[in-house]
């Protein structure tokens, strides 16, 4: 009888299969979350106290720039870190001075929070979720003031726009050094110019066309070989996919990857996902150069499984020596374009594009004074502006007070950072100090230097908070070794907000996680949302070794993507992962978005 009863119970409740070693390891190093929204108490977040310890920086990532539940959980984690652990600084991936304007609201209630959020320029943060967090910060600060506790401040660490920063620096000059104002304006005009060498003339463009039907729904690759000599500017390939209405569905012109200076023959590649609505594919040669010579050879279009067969009159190898090559249209005012049978990468002939350097004026007028001499580059002009505030620190401190003088110097540095970033976009291999993430890390450093002993919560994309090479998190690790906790975010199903080519800001669908991706492994846990501590992962442990080697992991930014997973080494790039199985698009304050 007992055996029969046990047998029947087994049928009703069959034994659960043993979890895989990977799943068991994750379960042992994770804890479930009761909710993603703030205001639900902190009982489920208690383990965070020990995990965060005395870290000075906690960085919160996100799987896309438009995931509602990720934003809500970041708000909840901020609530916990401020309320329970005493964090007092919040800084977001948005332009620094524009972000600081929100500080006036969260501290004193000054201004309209909706307008101030929009004034940060980033549609990514112009959402109901960010507004709710800002309103919570204001409410918290009111209670903190009444209780005599320190407030939480709203700041930003990005530097992609420098118009407001330049205005702040100029206002300081007008007060502290009015005699320098004319020279400041001259330097500012130079600093605002593009760093890409240009002579005011359009680039050389050589274009071919292929039917969109050849590659619909697939990944299309354009390859070609390039060689350069004394090129100012850069030599590149380009490719664009249009729909039947002429709307651009995908585009790449190697803007930051072109060949410059003097280089030997190099294979260059452009890859684009071709949507099902593709009507035409345009591709070819681009030469935005103001001086030097570039050679092009051996173009081809291919799909993952084959090279495309194009019309026979399309001279992709430039073997005929015709200019323009057969099947191509050409626009190249001011350029010399001719066949070159002496230097092909392969075959009998290649295409040579050259342009003479512009000649300086025969007798330039002498400057009125030595400081009026033209500066050699926009970056040098911007660096001169930033140096002025450092070299004359005492002058500005006397005229403005130490705090306002430091703020002006910081904004002058942001102007220099903008010029460095524009220069980086023209170089094949820019040094670290020209990169955006390097600048963002330096701005976080400046913020912490202004508030000694205080702790900061950073809000940015996974790709920035990560310790991957060249990411902000890696640069911060160099500055504050062992003093930051990096929390990456992941999601498996649902939707997200992003800019879709030819559509604009829209709701988009998340691709299902591929087998053996990080998200697929996270979904094996029974909890719909949890935080996992990855720091015990060990390359010699079969159960956790996968965390220490490249694994497919979702990385989507501001643009909708068909290929959403990239190989990512989760540990040591992240300390913790916050996983939310199902998520929805962020909710724009600007109104209803277009649906997929």
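The values are calculated or read from the model by the stated rules, or taken from the named source; none is laboratory data. All values derive from a computational prediction rather than experimental measurement. Here the Cβ is made from the backbone with ideal geometry for all residues, glycine too, and neighbour counts use every protein chain on show.
One table, with the values for the structure above:
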| item | result |
| --- | --- |
| Candidate set: segment 536-557, residues that are surrounded by fewer than 16 Cβ atoms within 10 Å (Cβ to Cβ) and part of a loop (DSSP other than H, G, I, E, B); chosen: the one nearest to the chain's Cα centre (by Cα) | 550 |
| Residue in segment 484-498 that is over 23 Å from residue 559 (Cβ atoms) and part of a helix (DSSP H, G or I) present | no |
| Unmet requirement for residue 469, which otherwise passes all of (1) surrounded by fewer than 21 Cβ atoms within 10 Å (Cβ to Cβ); (2) touching a residue at least 40 places away in the same chain (Cβ under 8 Å) | (2) |
| Test: residue in segment 227-244 that is over 30 Å from the mean Cα position of the chain (by Cα), modelled with pLDDT under 85 and assigned to a loop (DSSP other than H, G, I, E, B) | yes |
| Near pairs, Cβ below 9 angstrom, 6+ apart or cross-chain, from segment 118-136 (at positive phi and touching a residue at least 12 places away in the same chain (Cβ under 8 Å)) to any residue that is buried (at least 19 other Cβ atoms within 10 Å of the Cβ) and assigned to a helix (DSSP H, G or I) | 121/98 |
| Selection within segment 518-530 - surrounded by fewer than 20 Cβ atoms within 10 Å (Cβ to Cβ) and either outside the structural domain of residue 35 (by TED's automatic domain parsing) or touching a helix residue (DSSP H, G or I) at 6+ places or on another chain (Cβ under 7 Å) (or both) | 524, 525 |
| Residue match in segment 368-375 (condition: within 33 Å of the chain's Cα centre (by Cα) and at pLDDT below 80) | yes |
| Subset tally (residues that are in contact (Cβ under 8 Å) with a residue 24 or more places away in the chain and closer than 30 Å to residue 443 by Cα) for segment 480-508 | 15 |
| Count of segment 546-589 residues which are out of contact with any strand residue (DSSP E or B) (no Cβ under 8 Å at 6 or more places or on another chain) and either in contact (Cβ under 8 Å) with a residue 60 or more places away in the chain or closer than 27 Å to residue 504 by Cβ (or both) | 2 |
| Filter result for the condition that a residue is free of Cβ contacts under 8 Å to residues at least 12 places away in the same chain and not in a loop (DSSP other than H, G, I, E, B), over 433, 477, 519 | 477 |
| Residue check for residue 182: at pLDDT below 95, loosely packed, with under 15 Cβ neighbours inside 10 Å and out of contact with any strand residue (DSSP E or B) (no Cβ under 8 Å at 6 or more places or on another chain) | yes |
| Residue 511, sole failed condition from (1) closer than 27 Å to residue 22 by Cβ; (2) in contact (Cβ under 8 Å) with a residue 40 or more places away in the chain; (3) touching a helix residue (DSSP H, G or I) at 6+ places or on another chain (Cβ under 8 Å); (4) assigned to a loop (DSSP other than H, G, I, E, B) | (3) |
| Qualifying positions in segment 292-315 - under 25 Å from residue 228 (Cβ atoms) and touching a residue at least 24 places away in the same chain (Cβ under 8 Å) | 292, 293, 294, 295, 296, 297, 298, 299, 300, 301, 302, 314 |
| Selected residue (only one of 562, 533 is within 26 Å of the chain's Cα centre (by Cα), under 25 Å from residue 71 (Cβ atoms), in the same structural domain as residue 31 (by TED's automatic domain parsing) and surrounded by fewer than 18 Cβ atoms within 10 Å (Cβ to Cβ)) | 562 |
| Residue check for residue 172: in a helix (DSSP H, G or I) and free of Cβ contacts under 8 Å to residues at least 40 places away in the same chain | no |
| Candidates 332, 357, 345, filtered to the one that is touching a strand residue (DSSP E or B) at 6+ places or on another chain (Cβ under 8 Å), buried (at least 18 other Cβ atoms within 10 Å of the Cβ) and modelled with pLDDT under 90 | 332 |
